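The values are calculated or read from the model by the stated rules, or taken from the named source; none is laboratory data. Just so it is clear, the model here is predicted, and its values are computed rather than measured. For neighbour counting, all protein chains shown are included, and Cβ atoms are generated from backbone atoms with ideal geometry for every residue, glycine included. Heavy atoms of the whole protein, side chains included, go into the accessibility calculation; ligands, DNA and RNA do not. Shrake-Rupley method; radii C 1.70, N 1.55, O 1.52, S 1.80 Å.
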Amino acid sequence: MDDDQLLRYSRHIMLPEIDFEGQEKLLDSHVAIVGIGGLGCPAAQYLVASGVGHITLIDSDKVELSNLQRQILHTETNLGTTKVSSARETLQRLNSTTQISVIDQRMTDSNTNLLKDVDVIVDGCDNSTTRFAINEASLQYEIPLVSGAAIQTEGQVVVFDPRVANSPCYRCLYTDEAQESLNCAENGILSPMVGLIGVFQAIETVKLLCSLGESSVGWLFYIDMYRTEWRKLKLPKNAQCHSCSKYSLRNQK
């Protein structure tokens, strides 16, 4: 780190759990954020501010007026532009030393190779099809996945890590037959709720990159701000999950 970086990240370096070594890990890390909406925006903002060296933003949507209530990287001047270009513009003003790559595509089963070289995947998308594709990439390439979701005044964060024995995967939580059906367009969302979940995802990502603190792998964190309730629930690995089983068998060969 040069003198400017030492000053910029001094509050991290002062933390004994991070120190110089941890900050160097962040600077050398590559994180992919899939979905640059309500969750992806605050997650990206704090990861860039924290000094993650390379961020890849993946989203195929354009900025709409209804997004501005909660998607804090986008502004009125960005209406009609792609979310990835809008977010990159804002993030580069925050930290010009972070490398920010953009992919104006929807993540599907056919392009999961876009994720193969990253250190952590942050799931900020809003549909099950994309989430299942991200989950397959996480398992195939053995990349930790920080998944978040929010609706109305509720949200959840789950950390999956296929490198950890007995870690569940996203399909252990949701199967094809029991996909998430709620979305913000039909059910509404409290604006700061996505900020809370997105920041939570950023914290868990930093923890993974720096090997910081107690592991959250295999735990589901549920937050209900209407009732001001926080719950931590153990999520077991599903022995019948065809995704987990498929890659477990492969690893045993």
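For the range 244-251, the criterion of being modelled with pLDDT of 95 or more, open to solvent by 50 Å² or more (accessible area, probe 1.4 Å) and out of contact with any Gly (no Cβ under 8 Å at 6 or more places or on another chain) is met by no residue. Evaluated against (1) open to solvent by less than 40 Å² (accessible area, probe 1.4 Å); (2) of a type in the set (Ser, Thr, Tyr); (3) within 17 Å of the chain's Cα centre (by Cα), Thr108 falls short on exactly one condition, (1).
Can you confirm whether Leu139 is within 22 Å of Lys62 (Cα to Cα), open to solvent by 10 Å² or more (accessible area, probe 1.4 Å) and either out of contact with any Asp or Glu (no Cβ under 8 Å at 6 or more places or on another chain) or touching a residue at least 60 places away in the same chain (Cβ under 8 Å) (or both)? No; evaluated as a whole, the condition is false for this residue. Against the definition (in a helix (DSSP H, G or I) and either of a type in the set (A, V, I, L, M, F, W, C) or surrounded by fewer than 18 Cβ atoms within 10 Å (Cβ to Cβ) (or both)), how does Ala150 come out, yes or no? For Ala150, the condition - in a helix (DSSP H, G or I) and either of a type in the set (A, V, I, L, M, F, W, C) or surrounded by fewer than 18 Cβ atoms within 10 Å (Cβ to Cβ) (or both) - is not met. For first residues located in the range 98-117 and within 11 Å of Tyr141 (Cβ to Cβ) and free of Cβ contacts under 8 Å to residues at least 60 places away in the same chain, partners that are surrounded by 13 or more Cβ atoms within 10 Å (Cβ to Cβ) and of a type in the set (Gly, Ala, Ser) and lie 6+ apart or on another chain with Cβ distances below 6 Å form the pairs Thr112/Ala133; Thr112/Ala137. For the range 43-60, the criterion of being among the charged types (D, E, K, R) and surrounded by fewer than 16 Cβ atoms within 10 Å (Cβ to Cβ) is satisfied by no residue at all.
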